[in-house]
Amino acid sequence: MKPYRWLVALLVAAVLGVLAAQWIAQQDPASLGRVIVRTGGYDYSTSLPVAIALAALALVVLGAAWHLLRLPFRAWGRYRKRQGRGRLIEGMRAVYGGRWSQGERLLGNAADDAEAGTLALAGAVRAADARGDEAAAAQWLAQLAQRDPVLHAVLQGERMLARGRPVDAINALDVAEAQPLPPRGLLLRARALAAVHRAGEAYGLLGALRQQAVLPADELATLELDLAAASLEETDDANLLAERWEAMPKTLRTEPAVVGAYARRAAALGWHEAAMRHLEQALDAHWDEELVDLYARLPVGHVDSRRASAQRWLQQHPGSPALLVALARLARQQEQWPQARDFLQRALEQGAGAEAWELLGDGLAEAGDHALAAQAYANALLAGRGEPVQPLPARLLQPPADAAPEERDANGLPRLVE
């Protein structure tokens, strides 16, 4: 395109020159004015239009001469640029192929390129890291920090986070010269903040991450879920816990991981009713085995009301192993071992694992059946390792002959004792 533009410019100049010459030829030379140049004892005079034309011609000649003088330097610059691009391409190909030393050498040679030098330095850092040469990596990083502070901050944050040093990653990403951070820098900062138990700050970055589409939708949803749960678990103030919970979207407040995190912190901070209420609402909306187990484990008291809720859920989920174990746990807290034993038997029939066997062993030991308790504990170990368990003798799990008969519901399970 450049030769074409030059040709058009020359044609336009020629046309303008012809038109100007014709106009001058039609004018009276005396009326056009004269220009006199006196130098070295000589006088040079000509008409004003001719002087202007000569000056323009001189400028054109000077421009052409300057262009010709620059041609070798421009050709050398283009040659150097092609060389730099070639080294960058070959160096990156070597790095991706695992030829670390060759790649680092080529990329180091390409670092002088004004445009692609920063990319070459970043690749050289990766190659030095892959070789385990910390000194070389530090040298390339120092050059990168002077050339591109933003890329240096992102690369250093990624390196520190990969090495399990989130504090150093945050310090690298928070330097003033690197602000504002690009999307990947924000993602690295969010992960580093979560790693140092500052998930509340990391959760605040989700809006920018979502707007800039730094992750696929499913991965971003997983990250949001993890940060929401972690931000609740790290809260030590009840008011802040309530504020963070209310600020979360309603869809997030029905996720088992988030509800469980809130319930644990609320119970630890003394908000027992709130912990129970939100667990019950979540289980009514979306059944989850882990949440119902947490519902029975929470040290919040109110055993009678919790067992009544669990009995109600049993009508809808009669084959839930976690619910049956939860009922057994609550029955034991009410000191009703025969009912707890029946719940555990049913849970084991439904595929309950080591936790049910351990709970059964605890109850049998308290009831004085030490031999049977030992076998239950052994089964808990076997179930935990994924090995087949030894069934307990059915006759040993029957209630004593003098025990009062228990009233049972439609599922064959003991009814709640008021």
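The values are calculated or read from the model by the stated rules, or taken from the named source; none is laboratory data. Note that this is a predicted model, so its numbers are computed, not measured. As a convention, Cβ positions derive from the backbone with ideal geometry for all residues, glycine included, and neighbour counts pool all protein chains shown.
So which helices (runs of 4 or more DSSP H) are wholly in region 162-242 and hold at least 2 residues that are polar (S, T, N, Q) and over 22 Å from Leu151 (Cα atoms)? Explain how you work it out, then say what you get.
Details: elements: 166-173, 183-195, 199-203, 206-211, 217-233.
Answer list for region 162-242: 217-233.
Please determine whether any residue of region 289-312 is on the phi > 0 side of the Ramachandran plot and touching a helix residue (DSSP H, G or I) at 6+ places or on another chain (Cβ under 9 Å). Steps first, please.
Kept after step one, since they are on the phi > 0 side of the Ramachandran plot, are these residues of region 289-312: 301-302.
Subset that is touching a helix residue (DSSP H, G or I) at 6+ places or on another chain (Cβ under 9 Å): 301-302.
There is at least one residue in region 289-312 that is on the phi > 0 side of the Ramachandran plot and touching a helix residue (DSSP H, G or I) at 6+ places or on another chain (Cβ under 9 Å).
Can you tell me which residue within region 81-93, out of those that are under 10 Å from Gly123 (Cα atoms) and over 28 Å from the mean Cα position of the chain (by Cα), is modelled with the highest pLDDT? Give the derivation first.
At the first step, the residues of region 81-93 found to be under 10 Å from Gly123 (Cα atoms) are 88, 91-92.
Next, from what is left, pick out any that are over 28 Å from the mean Cα position of the chain (by Cα): 88, 91.
Working: Leu88: 70, Gly91: 76.
Looking at residues that are under 10 Å from Gly123 (Cα atoms) and over 28 Å from the mean Cα position of the chain (by Cα), I get Gly91.
Here are the criteria: (1) buried (at least 19 other Cβ atoms within 10 Å of the Cβ); (2) farther than 23 Å from Arg191 by Cα. Tell me which single one Ala142 does not satisfy.
Checking Ala142 against (1) buried (at least 19 other Cβ atoms within 10 Å of the Cβ); (2) farther than 23 Å from Arg191 by Cα, the one that fails is (1).
Every residue, every condition in (1) farther than 20 Å from His302 by Cβ; (2) of a type in the set (A, V, I, L, M); (3) surrounded by fewer than 20 Cβ atoms within 10 Å (Cβ to Cβ), yes or no:
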| site | (1), (2), (3) |
| --- | --- |
| Met248 | yes, yes, yes |
| Arg253 | yes, no, yes |
| Val259 | no, yes, no |
| Arg264 | no, no, yes |
| Leu269 | no, yes, yes |
| Glu273 | no, no, yes |
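Based on what the data block shows, is Asp133 at pLDDT below 90, within 23 Å of Ala192 (Cα to Cα) and either among the acidic types (Asp, Glu) or under 23 Å from the mean Cα position of the chain (by Cα) (or both)? Break it down into steps so the answer makes sense when it comes.
Numbers: at pLDDT below 90: yes; within 23 Å of Ala192 (Cα to Cα): no; either among the acidic types (Asp, Glu) or under 23 Å from the mean Cα position of the chain (by Cα) (or both): yes.
Against the criterion (at pLDDT below 90, within 23 Å of Ala192 (Cα to Cα) and either among the acidic types (Asp, Glu) or under 23 Å from the mean Cα position of the chain (by Cα) (or both)), Asp133 does not qualify.
Can you tell me which residues in region 364-396 are in contact with a helix residue (DSSP H, G or I) (Cβ under 9 Å, 6 or more places away or on another chain) and either β-branched (Val, Ile, Thr) or modelled with pLDDT under 55 (or both)?
Val389, Leu396 - these are the residues of region 364-396 that are in contact with a helix residue (DSSP H, G or I) (Cβ under 9 Å, 6 or more places away or on another chain) and either β-branched (Val, Ile, Thr) or modelled with pLDDT under 55 (or both).
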